[in-house]
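This report refers to the structure that appears directly beneath it.
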């Protein structure tokens with residue numbers, strides 16, 4: 001259906017303006033930058049064959065991306081200790097690209113979100129820790145006194161005075177998004193996306209007691 005009444009083109013031809021509808025509520029005017037309406041002379045059936053802009057299809061794929069939430073882990077696993085290195089990591093099983101594909105006649109577009117970093121809010125009120133990767137899991141072979149090689153933190157105060165006696169630790173995964181078209185030339189990038197989750201963590205302060213042999 002035309003979007004306007006009868007209009008006159010620059011050459012004097014009278015006709016109507018049409019907008020392209022690719023379905024799912026995405027029309028030609030939503031492209032970035034917006035595309036111009038299509039003109040068809042009066043007395044015709046309107047545009048009969050319209051080349052689909054892959055950017056419009058890519059927007060649909062972008063909207064359909066479903067991102068995994070990070071599964072945060074800290075070590076020691078039971079509670080953290082003031083002044084003792086805390087290792088941070090997210091489940092490596094979720095550290096994989098996520099894709100969504102949308103097809104319309106003649107064009108198929110896949111949008112792919114790739115995890116690139118994790119920002120950690122440790123709940124203590126300090127600056128977030130940014131880790132360029134999922135982090136290294138702590139294992140039985142790891143040194144408890146050593147810092148994580150790529151993603152860690154050192155608590156400065158206990159959580160005893162916080163609600164529930166714990167800090168809320170929030171992990172936010174950052175995803176870069178790119179798209180690729182088949183059936184028509186086109187590729188590009190979209191704004192980054194994020195997914196996040198949180199856990200409650202108890203942080204204790206351990207006091208050392210020095211005892212001399214003569215005091216026993």
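None of the figures in this text is laboratory data; all of them are computed from the coordinates on show. Here the structure is a predicted model, which is why all the values come from computation and not from measurement. Reconstructed Cβ throughout: ideal geometry from the backbone, glycine too, with neighbour counts over all protein chains shown.
Work out, step by step, the length gained on full extension between residue 117 and residue 204: first 0.36 nm times the residue separation, then minus their alpha carbon distance; give nm to one decimal. Let's see the in-between values first.
Numbers: separation 87, 0.36 × 87 = 31.32 nm, distance 2.83 nm.
Here the segment from residue 117 to residue 204 would lengthen by 28.5 nm.
Can you give me the relative contact order of the stretch 52-208 as a percent, contacts being Cα pairs under 8 Å and 6 or more apart? Show your work: numbers first, answer last.
On the way: 371 pairs, mean separation 47.6, N = 157.
Relative contact order of the stretch 52-208: 30 percent.
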Task: Förster radius 35 Å - calculated FRET efficiency between residue 79 and residue 127, Cβ distance, rounded to 0.05 - done: 0.95
Open item on the list: Nearest 5 percent is fine: what portion of the DSSP beta bridges confined to the stretch 52-208 is antiparallel?
Closed with: 95
Open item on the list: Taking 45 Å as R0, compute the FRET efficiency from the Cβ-Cβ separation of residue 99 and residue 146 and round it to 0.05.
Closed with: 0.75
Open item on the list: Need the C-alpha centroid separation for the stretch 80-94 versus the stretch 99-120, integer Å.
Closed with: 30
Task: Nitroxide proxy distance, nm - points 7 Å out along Cα→Cβ at residue 178 and residue 67 - done: 1.8
- [ ] Could you check the simple spin-label distance between residue 11 and residue 108, using points 7 Å along Cα→Cβ, in nm with one decimal?
- [x] 3.8
